[in-house]
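Here is the structure we will look at, set down as structure tokens.
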Protein chains: 2
Amino acid sequence: MYVFEDLGGRKVALRPEFTASVARLVTTKMTTYPKPIRLFSAGSLYRYDEPQFGRYREFWQANYELIGSSRPEADVEILSISSDILKSVNLEKFYFKVNHIGVLRSILSEEGIEEKEQNTVMQLLDKRMWEEALRKVEEYGASSRCTDTLRALFKMESADWHTMIRRVKRCVKEYVEALDAVENLCEILELTASNETEHLVLDPGFARGLEYYTGMIFEIYVPEMNVALGGGGRYDKLLELFGGESTPACGFALGVDRTALAIKMQHPEWRPPGLAEKNLSVLVIPVNDQVRGEALRISSLLREEEIITEVEVMGRSLSRALSDASRRGISHVVIVGPKELENGLVVLRNMKSKDQKTVKIKDLVNEVKGEL
Amino acid sequence: MYVFEDLGGRKVALRPEFTASVARLVTTKMTTYPKPIRLFSAGSLYRYDEPQFGRYREFWQANYELIGSSRPEADVEILSISSDILKSVNLEKFYFKVNHIGVLRSILSEEGIEEKEQNTVMQLLDKRMWEEALRKVEEYGASSRCTDTLRALFKMESADWHTMIRRVKRCVKEYVEALDAVENLCEILELTASNETEHLVLDPGFARGLEYYTGMIFEIYVPEMNVALGGGGRYDKLLELFGGESTPACGFALGVDRTALAIKMQHPEWRPPGLAEKNLSVLVIPVNDQVRGEALRISSLLREEEIITEVEVMGRSLSRALSDASRRGISHVVIVGPKELENGLVVLRNMKSKDQKTVKIKDLVNEVKGEL
């Protein structure tokens, strides 16, 4: 966390995530709202870590939460909205790494390992430090049955999620509550699989660092990057922690910067949808100072139609402005001259074909769009 | 500014604005880019002030700059993009308060008042503390001609900008450079007026607090609020300050939170464009647990078409789910039952008219859109 003391001597942290703030909001200002509550937030967050690829001190997140339902379909809604968002920006081959934190926690609880110690173990698992985690578990006094079970979970070979569920069940069969957790995860994955075709990867050694997760957890990856695009899960005890009633909840946070990186990697030529996508851009050139006002007005007309439009603002001659437009890959130029203007006309030039035609100003938008 | 010492003992400020960062970027990483350069930025900014209406410690800005042109059409481009943006979110009756900082600064310069002292005066003017500003000017040794001129400017009655330009010209006629500044402002306003129909209010006592402005300055207001939605102007010396070549530039920053407040005030019923605007919202209800997966899949189909869609995730009975949907103003319900499903059908119910019909799942999106 990015913490400091402010000018008034108060201890302050820059917002590290949205979920805790949303939970506080729900337990203070929204106590009379009927459940379920669905909330969305987006903005900058901060961490103090050393910056590295996809890991900035200031980063953007889009975050959503579904509060009030303990049922698996709520978990599935969060999973499928996450999937829908990534599809909507044309990401391909992304996959969900999933687990149920209840499996690991139930095993540790049954061994008498307290929550605080469990959290330490989860943080090590989040960093994929399995051996260190096992050492901690031993140190906390777990039985060898426990460490054997955990080691088997961590070392489990990857397979389709149906197979994995069976293997995990077999592995944890002596821990009753862990089995319940596997059942819950199985129900979620079945419902998800009927809804989505994404690759679901069940990783029984996967944990998330945040302490508030209680159920299904997941992270989303693309093959091109080894950092998660986002993650989430079920956190049924967080609202209570903020003084609210016991309230089931789940949610997801998408890393916006990382998603942008992934889009760049998978689609280097990607441009925002709409006319920009078509590589259409217009430069409006007034041939002298007397027609500058009209050139500016025309550029506004084009922009209103979401056509990327610049107006020549350097006072260059027509020929210099044209060669600059050509060098910069502008697709079309509108030449505004006093004679044409008298008749409500301008010249529209295609910079690639060098074709040009005289068009009525009132038809200009359609003429430009017709060039697509 | 929101300043503090970080854990490493470094003095840090949370980003207070974008323009200085953009200027630094241009003078370091973009030195070989041909001019003009047009840049856009958006995100959170921070101030340490006491929060109040429309004035938050964390606030959002959208910011754009046009770097490299000293010509009035560049100022006009910034003014008209600002206007286009506010029109695009349906704001009405907004107006531009404009002035040219060169008028005030030229008068003070000619009186031998140094830039640092001028900045103090500008800050007082930004806070509309005209008398205090005049007192400072006297203190700095200005002639009585100077204070008389300034007082006349500050007290000038409001009129259309053509009239104001004439009055200001007459008022500052003995200060040659101030007259040049008025001429420049006049050219900008003439070009703007031929392009835009917004109300342009020339206020000769208007200054902005930031020290880097050198030319035309402006702020945008709506009648409902006494804080500016945004502001900008010309800053020809800022890039030099960051070690770059002398480079003319102008730009604008729009307060996103304030713009949202203004939209709320002028259009309390406003909803985002698209289907949300039409008040269409759908709740998908599975009648039993066996059809939950299909209900989730159907909700995804609807969401893909940007239809606001929820799925019933509380496991409520059909009748309770329906009455909850009705209470919450949901416009349409899709009922997913096992018998209909066998034939690829669901029931679509209009919650207002209570009409319901059985429709094919593959036609559902069109059926829902047809309900508009």
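Remarks
Residues are listed down the side, and each one gets a yes or a no for (1) modelled with pLDDT of 95 or more; (2) assigned to a strand (DSSP E or B):
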position: B:Glu245; (1), (2): no, no
position: B:Cys250; (1), (2): yes, yes
position: B:Ala253; (1), (2): yes, yes
position: B:Asp257; (1), (2): yes, no
position: B:Ala262; (1), (2): yes, no
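- Subset of the range B:206-243 (residues that are part of a loop (DSSP other than H, G, I, E, B) and on the phi > 0 side of the Ramachandran plot): B:Gly243
- Residue count, the range A:327-372 (criterion: under 15 Å from A:Val284 (Cβ atoms) and in a helix (DSSP H, G or I)): 8
- Entirely in the range A:4-92, the strands (runs of 3 or more DSSP E) that have 2 or more residues that are at the interface with chain B (Cβ under 10 Å from one of its Cβ atoms): A:37-46, A:58-67
- Across the range A:273-297, the number of residues qualifying as touching a Pro at 6+ places or on another chain (Cβ under 9 Å) and of a type in the set (A, V, I, L, M, F, W, C) comes to 4.
- Looking across the range A:309-323, the residues that are surrounded by 18 or more Cβ atoms within 10 Å (Cβ to Cβ) and either under 39 Å from the mean Cα position of the chain (by Cα) or not in a helix (DSSP H, G or I) (or both) come down to A:Thr309, A:Glu310, A:Val311, A:Glu312, A:Val313.
- Yes/no for B:Asn119 being away from every other protein chain (no Cβ under 14 Å) and assigned to a strand (DSSP E or B): no
- Out of A:Glu174, A:Glu190, one residue alone is modelled with pLDDT under 95, assigned to a loop (DSSP other than H, G, I, E, B) and not basic (Lys, Arg). It is A:Glu174.
- Residue match in the range A:268-284 (condition: modelled with pLDDT of 95 or more and surrounded by fewer than 19 Cβ atoms within 10 Å (Cβ to Cβ)): no
- Qualifying residue in the range B:346-358 (condition: modelled with pLDDT of 95 or more and either under 19 Å from A:Asp84 (Cα atoms) or within 14 Å of another protein chain (Cβ to nearest Cβ) (or both)): no
- Just one of (1) loosely packed, with under 11 Cβ neighbours inside 10 Å; (2) under 27 Å from A:Ala62 (Cα atoms) fails for B:Thr31. It is (2).
- Among the residues of the range B:244-296, the ones that are closer than 30 Å to B:Phe96 by Cα, in contact with a strand residue (DSSP E or B) (Cβ under 7 Å, 6 or more places away or on another chain) and among the charged types (D, E, K, R) come to 1 in all.
- All told, A:Gln61 meets the bar of being in the same structural domain as A:Tyr235 (by TED's automatic domain parsing), at negative phi, surrounded by 17 or more Cβ atoms within 10 Å (Cβ to Cβ) and not acidic (Asp, Glu).
- Assessment of the range A:318-332 against the conditions (more than 13 Å from chain B (Cβ to nearest Cβ) and touching an Asp or Glu at 6+ places or on another chain (Cβ under 8 Å)) yields at least one matching residue.
- Cβ-Cβ contacts under 6 Å between residues 6 or more apart (or on different chains), taken from a first residue in the range A:7-21 that is crowded, with 16+ Cβ neighbours inside 10 Å to a second residue that is of a type in the set (Ser, Thr, Tyr), are listed as A:Leu14/A:Tyr2; A:Leu14/A:Tyr46; A:Phe18/A:Ser41.
- Checking A:Ile165 against (1) out of contact with any strand residue (DSSP E or B) (no Cβ under 8 Å at 6 or more places or on another chain); (2) outside the structural domain of A:Leu254 (by TED's automatic domain parsing); (3) without any contact (Cβ under 8 Å) to a residue 40 or more places away in the chain, the condition it does not meet: (1)
The values are calculated or read from the model by the stated rules, or taken from the named source; none is laboratory data. All values reported here derive from a predicted model rather than from experimental measurement. We place every Cβ from the backbone using ideal geometry, glycine too, and count neighbours over all the protein chains shown.
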